[in-house]
Amino acid sequence: MIVAIDGPAGSGKSTTARAVAKRLGFRHLDSGAFYRALVHAALEAGIAPEHWDDLDERTLDALGVNGRPGDEGFRLYIRDRDITHLLRSEEVNQRVSSIARVGAVRAWLLNHLRDAAPGVDLVADGRDIGTVVFPAAELKVFLVADPGERARRRLAERGVERPEETDMRAETARLLARDRQDSERAVAPLRRAPDAVEIDTTGLSFDEQVDRIIALVEERRG
């Protein structure tokens with residue numbers, strides 16, 4: 001079974017998907033980690049962001065990025081070097097959207113993400129999981145949340161538990177800019193699949209949003 005969870009940045013996709021997968025005994029696939037790995041690998045290889053539009057399949061293959069099952073999800077490697085712990089740096093954060101809009105990158109990753117699924121119960125999260133990567137997923141969920149709540153969550157991930165108002169405004173502006181980039185890109189824009197169940201997590205506790213998805217999975221499984 002494949003559960004596809006999509007939504008904008010900061011909506012809680014990855015943490016929710018990871019918890020759902022753990023509860024169900026499924027494997028968790030964080031598609032964003034693969035994009036982050038490509039950002040890190042491209043920068044490490046000396047390929048500047050202004051040249052990412054020129055990336056092709058051969059160049060992407062040469063970067064050596066690959067994902068391997070590990071723990072309850074996947075770990076990311078450059079050839080045989082585990083880089084999972086490097087994927088949340090500010091440098092990577094600032095450039096993920098830039099590489100994700102490149103058509104050649106999305107086409108290259110599509111097969112890698114699908115290769116993770118055969119014969120495995122999977123909870124996958126991202127921005128086009130239910131629309132492009134796994135359009136036949138048995139359950140599609142689209143998470144949304146108030147921009148201010150999304151900003152608070154993002155800052156909390158960085159250890160800022162009591163953010164100043166200026167921090168909140170700046171982070172909210174960054175998230176809304178990312179929303180525009182993701183929604184307006186020419187290739188695989190962020191959008192809700194017609195058959196996806198939308199869940200607004202603004203007023204939900206983490207356990208409540210996980211419980212809602214678990215209930216939907218159990219309903220689909222009969």
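Of all residues being out of contact with any Lys or Arg (no Cβ under 8 Å at 6 or more places or on another chain) and not in a strand (DSSP E or B) in region 133-144, which is farthest from GLY12 (Cα to Cα)? Just the residue, please. Taking the candidates together, the pick is ALA136. Considering GLY32, GLY73, GLY103, the condition of being at pLDDT below 95, over 26 Å from ALA177 (Cα atoms) and not hydroxyl-bearing (Ser, Thr, Tyr) is satisfied by GLY73 alone. Somewhere in region 71-82, is a residue small (Gly, Ala, Ser) and under 27 Å from ARG185 (Cα atoms)? Within region 71-82, not a single residue is small (Gly, Ala, Ser) and under 27 Å from ARG185 (Cα atoms). Taking (1) free of Cβ contacts under 8 Å to residues at least 40 places away in the same chain; (2) of a type outside the set (Asp, Glu); (3) closer than 26 Å to ARG191 by Cβ in turn, ILE5 satisfies each apart from (1). Only residues that are in contact with a Pro (Cβ under 9 Å, 6 or more places away or on another chain) and either buried (at least 16 other Cβ atoms within 10 Å of the Cβ) or of a type in the set (Asp, Glu) (or both) were counted across region 163-186, and they come to 6.
Given the structure, is ARG174 within 20 Å of the chain's Cα centre (by Cα) and not in a loop (DSSP other than H, G, I, E, B)?
yes
Taking region 33-109 as the region of interest, the helices (runs of 4 or more DSSP H) fully inside it that hold 2 or more residues being surrounded by 18 or more Cβ atoms within 10 Å (Cβ to Cβ) are 57-63, 96-100.
The values are calculated or read from the model by the stated rules, or taken from the named source; none is laboratory data. Everything quoted here is computed from the prediction, not taken from an experiment. FYI the Cβ positions are ideal-geometry reconstructions off the backbone, even for glycines, and counts take in every protein chain you see.
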